[in-house]
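Undergrad: Questions regarding the structure given below will be posed in turn.
The values are calculated or read from the model by the stated rules, or taken from the named source; none is laboratory data. This structure is a prediction, so every number in the text was calculated from the model and none was measured. Glycine gets a Cβ as well: all are built from the backbone with ideal geometry, and neighbour counts include every protein chain shown. Side chains are part of the model used for accessible areas, which takes the heavy atoms of the whole protein and leaves out ligands, DNA and RNA. Shrake-Rupley method; radii C 1.70, N 1.55, O 1.52, S 1.80 Å.
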Amino acid sequence: KKLDRLPLNDVTAEQAYSTPQGYIEAAAKVYGAFALTGNKGPAGDPDILGIDEGTSDFLRLFWCAQELSTDESVVSWGDAGIQDFHNMNWSASNPFLTGLYYRSMYQITLANDFIKHAADDQLAAKGITGATAANIVSFRNEARFLRAYQYWVLLDLFGNPPFVTEDFVMGSTELPEQIGKEALYQYIESELKDLETLLPDSRANEYGRADKAAVWALLARLYLNAGIYTGTADYNNAVIYSKKVIDAGYSLISDYRNLMRADNDKNKSEFILTINYDGNKTQNYGGTTFLTHAPVGGTMPAAAFGIGGGWAGIRTTKALVNLFPDISGNTDKRAQFWTDGQSLNIDDQTKFVQGYGITKFKNIEIGTANKSGASLDFADMDFPVFRLAEQYLIYAEAVLRGGSGGDAATALIYINLLRARAGAAPITASQLTTDFILDERGRELYWEGFRRTDLVRYNKFTTAGYLWPWKGGTTNGKSVEDWRNIYPIPAADKAANPQLQQNPNY
Amino acid sequence: AQSRIISGTVSDAKTHQLLFGVTVLVSGTSTATQTDDKGHYRLAIADSVKTLEFSFIGYATQTAAITGEVVDVQLVAEAANLDNVVVIGYGAVKKKDLTGSVTMLSSKDFNQVPVTTPEQLIAGKVAGVQIMSNSGAPGSGSTIRIRGGASLNASNDPLIVIDGVALSNDALPGSPNPLSMINPADIESFTILKDASASAIYGSRASNGVIIVTTKKGKPGKPVINFNTQFTVSQIPKYLDVLSPAEFRNYVQSNGDAAQIALMGNAGTNWQKEVYQAAVTTDNNLSLSGVAANGRLPYRVSVGYLKQNGIVKTSEMERKYFGFNLSPSFLDDHLKIDVNLKVAHTDTRFANTGAIGAAVSFDPTQPIYSGSNRFDGYYEWLDPASVSGLKSLATLNPLALLMQYNNRGRVLRGIGNIQVDYKFHFLPELKANLNMGFDEAHGIGGILVDDSAAQGYNRYKDPNNVFHGGQNNKYSGWRDNGIIEFYLNYLKNIGDHRIDVTAGYGFYDFISRTMNYPDVTYDGTVIPESVPAYAMDKPRYTLISYYGRANYSFKNKYLLTATLRTDGSSKFNPDNRWGVFPSGALAWKIKEEPFLKSAAVLSDLKLRLGYGITGQQDGINDYDYISYFKLSGNNAQYQLGNDFYQMYRPGGYYYNRKWEQTSNYNIGIDYGFLNNRINGSIDVYYRSTKDLLNEINQPAGTNFTNKIVANIGSMENRGIEFLLTVVPVQTKNVKWDVNFNATYNKNKITKLTIVDDPNFAGSLTGGITGATGNYIQIQSIGFPRSSFYVYQQVYDQQGKPVENVFVDRNGDGVINESDLYRYKSPDPQYFFGLSSNVTYKKLSAGFSARANVGNYVYNNVASATGFQVNILNPLGIINNGSSDVLYTNFKGGSDKFALTDYFIENASFLRMDNVYVAYSFGKLFRNTGDLKLNLNVQNLFVITKYKGLDPEVPNGIDNNFYPRPRIYGMGLNLNF
């Protein structure tokens, strides 16, 4: 018995889940696994091991996988494996892909654990009842939503991840198995359909927590890409669910340039679900801290971005620049480029001054020129996982691709709403094509983590149909193998879990 | 029967010194006595007795015929060395009766130079043992590896036992190595238990070998006062080869753009010269020892004062030391008590070692001082557009990094024990031994950085938008470790049989406390989010052991040792807690066989065979066999609604973790020729570790962490050790001895994952600087631990590396991670030690050298600084870097260029560790006052092909290493 030693501060699951407060703090971790890299800010006690902690948060990893591999971004750094994205020669050992995969699976694992401990009988056994219990039940349903979201991430990027739910017995010798893309798609769909009835009404939950609109928004995104995931398109449902979001009472904020600011929690009218950051209380080196620091370098004045100094990392290629007929911003406020000291062409991705800078993300309060957030080192900016603009674009694209239940006239109105907000000229019905939508998505949503998925859907990610500078590692770009439309299952997990099948050709 | 009184004195045959404590046995009886401190004995015996037997540790037992009332005896020291009693775990044996692979070094074998940490006394002296000082910083300890270490993620440090107190290897702030508090001048001997048959008695903690340190005790004879003082001057042996101001100017002018050229200043500063200094150390020790109370109370008291300055400016250490030993005996020596206490107070100022790297990188055309008052007058890279006025992420002024940073830690540590040894009156063959000890330490310190310093300038903006900078931070920690051990020992000779059995119990409790403090700026502003979630942490683990050992010898020719230890550790789940660690060994004294007994040339020949299993549980977490929830810190909260919540994170866990086990096989031969003027040993060993405590990937979705230490994998070490001591000349006036040792060790990982997946390269390790997230080493099956994992460089016709051109090793037309290969490893395959001493009358001289062969180093200084993007930096500054850039013309900046095998350099070396000359003046006064003077140089030279500062760096990655100084010393030793 003298060998039974217990930690001073840490508690067992039974103790942690013994009070309502404990439940909420555990739920905060299920959510916080999105934003933070570990238990200590900004770093020092990481969740994910084997990768630099500063790059181990969800958004930064997701962003790298979705943006660096595309026309929208290049990076100057030499982090292990980071240049593989734009050069399109990643392997199953890529540390960023390994990190992202484990981060997504980590949030799923946390959600599973929470869902299990927040089961009705568990709450009853602990005497938690009434409104307190209802709140915990809501967190349980939100955990299911976050799990479905992460399975969507894995489905989109890795195709066929291992599948675990709250029924998996942790600590057993059982190994998770893959269920295939179709079955995973159906699982996500059925979970979301179920949650559609369980989560709070749209805009009725607390800020930063998922509601019905978040469920619809994810369903709309899932259905838009159904053809890629299952081989069978489902544009009808994409129309239906994007419309549900659009009709839920959201509205675009007036100034596009205020979307990504230090106090953008004010943009609740447009944001459906956000990952929340705070310069003092939610510190890490990923997330919006990455998005506000990494693009700043060259002649860009740090103070104008509300930061102590830039990291001189990410810029864009001329492919994105060329989506804007006028890059000054005068005719389209979404054009936010830094050209001073920067060349349009890129000879060398590792030189920050090559490729235009992006000034979309600023740790500056709305309506001020340079009033920074709480800290110069860590951003206050929240990141919208879903915002209304995307739903307009989904609606329009799904209609154009033949989805029923909507109409082209409404689609045109929605697109012109986005353009009007940006101060750009409206388009006509004849201009509204699927290719136009792809470009418009580029203009509206660039650097928000959509681009790879969009290019895959348009069959432009790997093919010669669309080339951008340094695609595939050559100056003018070249096509790469089609199997690179999905990323490999990381070698680390394949070695740990012999059940897993690798994606083809990796 | 008639009885009579016999008396006499016993002395050393050679030195004529009177011997205290010699056992005088009446032959054929159990009647015995001991000599007193004047070497005198007195005994009543029966008339019939014809002979007495005189025995004493370190001397040949002598039988003397009783020829009168006075029998004076001169005992002869046993061949070659006096130290033939070797302290082993829970007891001592005669060296010639050893069955395991054990090396003992006593003070006369030590390196004869002033050292500040004890382990350096024996560096290079023992085959199979590598001792590498961690850095040149004052008070820094050493990394000790016995036979290559047995583990991957668990500890590879040997167990260290000081006067019966087994220390924990856990670091306390300010005391990097458990030995660093001990005053080297107080050490009598080191015993190193290398193979399992020797170390298995320490069971669970002995996988990496055991080092037993014994401190000096009071010796018979009149009281001795010893005063010893050392004075040394340390210097950096060489500077790192960076661009000179002229070369730098030239480089920037020919490669930089106008803006970069304009950044250059007019000064010519050698920043390395500015951060290093010649450093003075003084070490003074005074001891008093003797025997009081009529020979019953040996005592020794010592005090020491060390003041050591480091060669990096601002680093210094002061150590005050008090040692105390009392070993009285009572009840006719049936009861012996041994009391030890060692107390050290160290006060260390730690330099900001970031200055070492900054001195390599800082622009040599800039002055030290800017001429303005900003940042205390130090020149820094400025950016008028930034809030702090400083250029973000720019290299900071190296001298300012040192001078404006004051990190001072004070550690008070005490190690003590009381050991009671009782020999039963009714059964003198049986004795009981109780040992109670403690290891207490309290460390406290703080870091003070002025708010005018560029490091941390305006680093915190408070809610009123007021900026605060600098640091005024505290740290502290305690350690309260306790041990209780009890054993019974039975020793009996029956005819040709000798039986020596020990059985015991041990309880070891390891408690530490760490206080967590908030982050405070220089003006005392507490950064609210930094207030720790928990003010204190108190990790604790406990070990309980039962152990037994039987030694049996037959005709003093065939020796058998068997040990069994079972350990329970609180670190494992209740089902896996207990590990059983057996060992057995055989020794055959071939020399004692009739057919060799008369061989005059051969003076010793012994064959040893040993096998054993040892365990390991160091280096793993204390509690994580189940998942524990821990609240996140205040700056890692998450916002839901309008409130921020601390997050309850479930921790990763591994329920089935169990003891790592290392099987050891050892075959050894001890040999001696010409009355042991030539002697030594050869050992061949094979060590295989299974259930390796190894950090492995977890199947995603099955744990709250993606990597955890589990028992997966195996690793083996095989090697040969050779030891040779020769005394080529031994005359009245001249003595010359030579000691040589050689070791071959080969390490290989044989299993690493649950299933062998050929596509899984292995676990990356060895993080490097220069680019985020890059690792340079890998653990993979079939290769040595921490092999370098790199791209294969392609060279042009002139033999220069072509940047970013690598061999496509898998031939798929793409250069990516799949083309990395394993190339060399940081561990040497061969290492050698050579030392020699010559004494001519009163003059003596000697040296000690070491060599490693086959060890490789990643030159991270060259890879992180010797390229254009570092020098012409996109951050808007210019940096200096390794002169290698002039050769390679590397542009850098890509994610692969630093991962080339070009930067893996052969770091084999020969190091002249020390050279000394000493002169003994003999008695200064009529009968007393032995004076000895000593001149010496440490780290005199290193012969190596390695291009960096020092080929011997921890883990084989050379980056910002605090250089080892060359030390010129002078010492004086005075005995009264």
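Undergrad: What number of residues in the stretch B:738-774 are open to solvent by 50 Å² or more (accessible area, probe 1.4 Å) and modelled with pLDDT of 90 or more?
TA: 5
Undergrad: Right, something else. From the list B:VAL709, B:VAL729, B:VAL684, B:VAL755, which residue is part of a loop (DSSP other than H, G, I, E, B) and of a type in the set (Val, Ile, Thr)?
TA: B:VAL755
Undergrad: Pairs please, first residue from the stretch B:746-757 and at the interface with chain A (Cβ under 9 Å from one of its Cβ atoms), second anywhere and charged (D, E, K, R), Cβ atoms under 8 Å, 6+ apart in sequence or on different chains.
TA: Matching pairs, first to second residue: B:ASP757/A:LYS494.
Undergrad: Let me ask another. Report, by residue number, each residue of the stretch A:409-434 that is in contact with a Lys or Arg (Cβ under 7 Å, 6 or more places away or on another chain) and surrounded by 17 or more Cβ atoms within 10 Å (Cβ to Cβ).
TA: The one that is in contact with a Lys or Arg (Cβ under 7 Å, 6 or more places away or on another chain) and surrounded by 17 or more Cβ atoms within 10 Å (Cβ to Cβ): A:ALA422.
Undergrad: Continuing with the same structure: Which ones in the stretch B:805-815 are at pLDDT 90 or above, touching a Phe, Trp or Tyr at 6+ places or on another chain (Cβ under 8 Å) and either surrounded by 16 or more Cβ atoms within 10 Å (Cβ to Cβ) or among the acidic types (Asp, Glu) (or both)?
TA: Residue satisfying the conditions is B:PHE806 alone.
Undergrad: Only one residue in A:ASP71, A:ASP52 is more than 30 Å from A:LEU123 (Cβ to Cβ), within 9 Å of another protein chain (Cβ to nearest Cβ) and of a type in the set (D, E, K, R), so which one is that?
TA: A:ASP52 is the lone residue from the list that is more than 30 Å from A:LEU123 (Cβ to Cβ), within 9 Å of another protein chain (Cβ to nearest Cβ) and of a type in the set (D, E, K, R).
Undergrad: Go through the stretch B:155-170 and report how many residues are open to solvent by less than 10 Å² (accessible area, probe 1.4 Å) and part of a loop (DSSP other than H, G, I, E, B).
TA: Count: 3.
Undergrad: Do you know which of the residues in the stretch A:274-296 that are open to solvent by less than 10 Å² (accessible area, probe 1.4 Å) and in a loop (DSSP other than H, G, I, E, B) is nearest to B:ALA259 (Cα to Cα)?
TA: By that ranking, first place goes to A:VAL296.
Undergrad: For the structure I just gave you, tell me whether A:ARG5 is facing chain B (nearest Cβ under 7 Å), open to solvent by 10 Å² or more (accessible area, probe 1.4 Å) and either without any contact (Cβ under 8 Å) to a residue 40 or more places away in the chain or not in a loop (DSSP other than H, G, I, E, B) (or both).
TA: So A:ARG5 passes the test.
Undergrad: Continuing with this model, one more query. Can you say whether A:TRP311 is away from chain B (no Cβ under 12 Å) and open to solvent by 20 Å² or more (accessible area, probe 1.4 Å), as far as the supplied structure shows?
TA: No, not satisfied.
Undergrad: While we're on this one: Checking the structure you have, find out if any residue of the stretch B:884-895 is more than 14 Å from chain A (Cβ to nearest Cβ), modelled with pLDDT under 95, part of a strand (DSSP E or B) and on the phi > 0 side of the Ramachandran plot.
TA: no
Undergrad: Does at least one position in the stretch A:364-374 carry a residue that is touching a residue at least 60 places away in the same chain (Cβ under 8 Å), part of a loop (DSSP other than H, G, I, E, B) and under 22 Å from the mean Cα position of the chain (by Cα)?
TA: no
Undergrad: So B:ASP737 clears everything in (1) within 26 Å of B:ASN959 (Cα to Cα); (2) touching a Ser or Thr at 6+ places or on another chain (Cβ under 7 Å); (3) of a type outside the set (Val, Ile, Thr) except one condition, right? Which one?
TA: Single failed check for B:ASP737: (1).
Undergrad: Mind listing just one residue for me: the one in the stretch A:188-229 that is surrounded by fewer than 20 Cβ atoms within 10 Å (Cβ to Cβ) and within 14 Å of another protein chain (Cβ to nearest Cβ) and, of those, nearest to the chain's Cα centre (by Cα)?
TA: My answer is A:TYR207.
Undergrad: Tell me, please, whether a residue that is over 25 Å from A:ALA35 (Cβ atoms), of a type in the set (D, E, K, R) and facing another protein chain (nearest Cβ under 10 Å) can be found in the stretch B:610-622.
TA: yes
Condition check ((1) within 34 Å of the chain's Cα centre (by Cα); (2) at pLDDT 95 or above; (3) more than 14 Å from chain A (Cβ to nearest Cβ)) across all residues:
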site: B:LYS391; (1), (2), (3): no, no, no
site: B:LEU401; (1), (2), (3): yes, yes, yes
site: B:VAL411; (1), (2), (3): yes, no, yes
site: B:PHE424; (1), (2), (3): no, no, yes
site: B:LEU427; (1), (2), (3): no, no, yes
site: B:LEU430; (1), (2), (3): no, no, yes
site: B:PHE438; (1), (2), (3): yes, no, yes
site: B:SER452; (1), (2), (3): no, no, yes
site: B:GLN455; (1), (2), (3): yes, no, no
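Undergrad: Tally time: how many residues in the stretch B:660-675 are within 31 Å of the chain's Cα centre (by Cα) and either of a type outside the set (Ser, Thr, Tyr) or within 30 Å of A:THR12 (Cβ to Cβ) (or both)?
TA: 9
Undergrad: Also, quick follow-up: Whether any residue in the stretch B:637-659 is open to solvent by less than 10 Å² (accessible area, probe 1.4 Å), under 21 Å from A:GLU14 (Cα atoms) and either within 14 Å of chain A (Cβ to nearest Cβ) or aliphatic (A, V, I, L, M) (or both) is what I want to check.
TA: yes
Undergrad: What number goes with the only condition from (1) of a type outside the set (D, E, K, R); (2) surrounded by fewer than 24 Cβ atoms within 10 Å (Cβ to Cβ); (3) in contact with a Ser or Thr (Cβ under 6 Å, 6 or more places away or on another chain) that A:GLY54 does not pass?
TA: Unmet for A:GLY54, out of (1) of a type outside the set (D, E, K, R); (2) surrounded by fewer than 24 Cβ atoms within 10 Å (Cβ to Cβ); (3) in contact with a Ser or Thr (Cβ under 6 Å, 6 or more places away or on another chain): (3).
Undergrad: Now, a different point. I'm trying to understand the selection: among the residues of the stretch B:693-724, which are surrounded by fewer than 23 Cβ atoms within 10 Å (Cβ to Cβ) and of a type in the set (Asp, Glu)?
TA: Of everything in the stretch B:693-724, those that are surrounded by fewer than 23 Cβ atoms within 10 Å (Cβ to Cβ) and of a type in the set (Asp, Glu) turn out to be B:GLU695, B:GLU716.
Undergrad: Here's a follow-up. Please note which helices (runs of 4 or more DSSP H) are completely contained in the stretch A:180-260 and include at least 3 residues that are out of contact with any Gly (no Cβ under 9 Å at 6 or more places or on another chain) and more than 23 Å from A:PHE34 (Cα to Cα).
TA: In the stretch A:180-260, A:181-198, A:226-230, A:235-246 are the helices (runs of 4 or more DSSP H) which contain 3 or more residues that are out of contact with any Gly (no Cβ under 9 Å at 6 or more places or on another chain) and more than 23 Å from A:PHE34 (Cα to Cα).
Undergrad: Counting only residues that are free of Cβ contacts under 8 Å to residues at least 60 places away in the same chain, open to solvent by 50 Å² or more (accessible area, probe 1.4 Å) and assigned to a loop (DSSP other than H, G, I, E, B), how many does the stretch B:373-398 have?
TA: Summing the residues that are free of Cβ contacts under 8 Å to residues at least 60 places away in the same chain, open to solvent by 50 Å² or more (accessible area, probe 1.4 Å) and assigned to a loop (DSSP other than H, G, I, E, B) in the stretch B:373-398 gives 2.
Undergrad: Right, here's the next one. Given the residues B:SER787, B:SER780, B:SER818, which is the only one that is small (Gly, Ala, Ser), at the interface with chain A (Cβ under 10 Å from one of its Cβ atoms) and surrounded by 17 or more Cβ atoms within 10 Å (Cβ to Cβ)?
TA: One residue alone meets the criteria, B:SER818.
Undergrad: Oh, and also: Within the bounds of the stretch B:326-341, is there any residue that is touching a helix residue (DSSP H, G or I) at 6+ places or on another chain (Cβ under 9 Å) and open to solvent by less than 30 Å² (accessible area, probe 1.4 Å)?
TA: The answer is no; no qualifying residue exists.
Undergrad: Right, next: Please work out which one of (1) facing chain A (nearest Cβ under 7 Å); (2) under 30 Å from the mean Cα position of the chain (by Cα) is the condition B:TYR547 fails and give its number.
TA: (1)
Undergrad: Output the residues belonging to the stretch B:590-606 that are open to solvent by 50 Å² or more (accessible area, probe 1.4 Å) and of a type in the set (A, V, I, L, M).
TA: The answer is B:ALA600, B:VAL601.
Undergrad: Among the strands (runs of 3 or more DSSP E) contained in the stretch B:900-970, which hold 2 or more residues that are of a type outside the set (Phe, Trp, Tyr) and farther than 26 Å from B:GLY354 by Cβ?
TA: In the stretch B:900-970, the matching strands (runs of 3 or more DSSP E) lie at B:909-923, B:930-944.
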